[in-house]
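Only one structure is covered here, and it is reproduced in the block below.
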Amino acid sequence: MTEPAAVFEDEYRELLDSFGSFVRRELEPLAAELGEGGHPSPDLCAYVRQRSAQLGFYAGDYPESLGGSGMPFSAVVALHHVAGRTGCRLAPYALAGSEGPSPLLLAGTEAQVKRYLEPLVRGQRTRCLALTEPDAGSDAFRLTTTARRVDGGWVISGRKTFVSNAHADLVLVVAAVDTSAGHRRPAVFLLEQGHPGMRLGQRYEGMSGEVLHELVLDAAEVPDDALLGDPTDPDALGASIGSLSRGRLMVAAQCNGIAEYALSLGVEYARHRRAFGRPIGDYQHVQEHLVTSRAELEASKVLTLACARLVDSGVEPPENAALAKLTASTMAVRVVDRALQVHGATGWVRGHPLEFLYRQVRTMTIIEGTTEIQKVIIAGAMGLG
């Protein structure tokens, strides 16, 4: 079967094949030991992360001087697609996501890059982003968490919620600061785990078993060098949005990969499952599910990879990532749903890959900005609203 979107991957074919071999050879045997519904331990995640970094996959788009491979961002997006389509539950941990290096840290001082970014690129440490607040979900920059200037540093107070990987070594806290001109702007502060003014609050468990936490900052005192960048810089907010945009493209790629895996399961089942003396793939209604899924998937793959290549060319408007994330996440939900429908009760039973994917893929329309927020971003770029 030919795949039109595959032409975008040809340039990275050797890299993608090598990553796929790594997943099959080293990660699939480990994933098989997790058992039904099992989630990898922090130690296993650390092993996968560091092993992938040794092989040059983990944070490949970061410079070699920092421990990366200096590959184009489009290659990283293609890797995330491959991770999703392998169906291996450990594959996503082999590529930097919300726990890995953040583009925000590239704006750090030389000392901050050395201390925080290099270990993240090498997979030796983890980080999280504390942005969302209890009363400001999709409107993430309506910040009530504040950083007050004091002699020699800052005092941060507020609450963050739905923080992924909240036990990370490094926490990037987004807080509002007052500028000399009397305005409020977002700023990013770097806090290490165990800071006496920061504690874990309420624990949440998602549909597919992922754990999130609330983070409470109770007059947390930090020195001047905990501030990343200049709070008076008018580009501070733009830098944060740019960081989210790249994350959205990686989510889009993973959604495309998951959808491709789900479609392959549906096609294989339709070829071999028989009903009324014929393979169910002979029936038009089953064909409708699978053909429609393939058409939507190929369109989404082309869009995502094209947006990633634009990033490499220096064109990175937020609406591009929003378009890709909106298209891929909603498409993946439909494709997984159709594949499960083709399987019937077989795919619905706990322990079947589609049962897990059905729960996992639903979260993709929420993380890194909801479907509705992506539409707001796109509408704004169109001059609407």
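Throughout, read-outs are computed from the coordinates displayed, never taken from laboratory work. What you are looking at is a predicted structure, and each value in this text was computed from that prediction instead of being measured. Reconstructed Cβ throughout: ideal geometry from the backbone, glycine too, with neighbour counts over all protein chains shown.
Tabulated data
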quantity	calculated
Dipole of the chain [Lys/Arg +1, Asp/Glu -1 at C-beta], most positive-end residue of 226, 354, 270	270
Charge tally in the Cβ shell below 11 Å around residue 120, where Lys, Arg are +1 and Asp, Glu are -1, residue 120 excluded	+2
Computed [θ] at 222 nm, helices only, for the chain once each DSSP H run of length n ≥ 4 contributes -39500 (n - 2.57)	-14000 deg cm²/dmol
Proximal lysine pairs, the chain, alpha carbons under 25 Å, eight or more residues apart or interchain	5
Cα-based shape type of the range 91-186, given that a ≥ b ≥ c are square roots of the gyration tensor eigenvalues and the cut on a/c is 1.5	oblate
For residue 132, residues with placed amide H under 5 Å, excluding near neighbours	161
Using a Förster distance of 30 Å, the FRET efficiency for residue 3-residue 203 (Cβ separation, nearest 0.05)	0.10
Between helix 284-312 and the chain: long-axis angle, C-alpha atoms, 0 to 90°, nearest 10	30 degrees
Beta bridges per DSSP with both ends in the chain, % antiparallel, nearest 5	85 percent
Distance between the range 62-102 and the range 309-329 - C-alpha centres, whole angstrom	17 Å
Rounded tilt (10° steps) of 353-363 against the dominant C-alpha axis of the chain	40 degrees
Efficiency of FRET from Cβ geometry, residue 24 and residue 341, R₀ 30 Å, rounded to 0.05	0.55
Test item: Cα-centred dipole of the chain, Lys/Arg +1 and Asp/Glu -1 on Cβ, debye	920 debye
Environment charge of residue 347, counting only residues whose C-beta is closer than 13 Å and scoring Lys/Arg +1, Asp/Glu -1	+1
Proximal charge balance of residue 368 [Cβ under 9 Å; K/R count +1, D/E count -1]	+2
Separation in nanometres of the label points that stand 7 Å from Cα toward Cβ, at residue 225 and residue 65	1.9 nm
Label-point separation in nm, residue 376 to residue 178, each point 7 Å along Cα→Cβ	2.7 nm
Between 0 and 90°, nearest 10: helix 318-343 axis offset from the chain longest Cα axis	40 degrees
Table column - 3J(HN,Hα) (Hz), the range 145-161, Karplus curve with 6.51, -1.76, 1.60, x for Gly and Pro	6, 10, 10, 9, 6, 9, 4, x, x, 9, 10, 10, 9, x, 10, 10, 9
Gain on full stretching of the segment that runs from residue 33 to residue 278 - 0.36 nm per residue minus C-alpha separation	84.6 nm
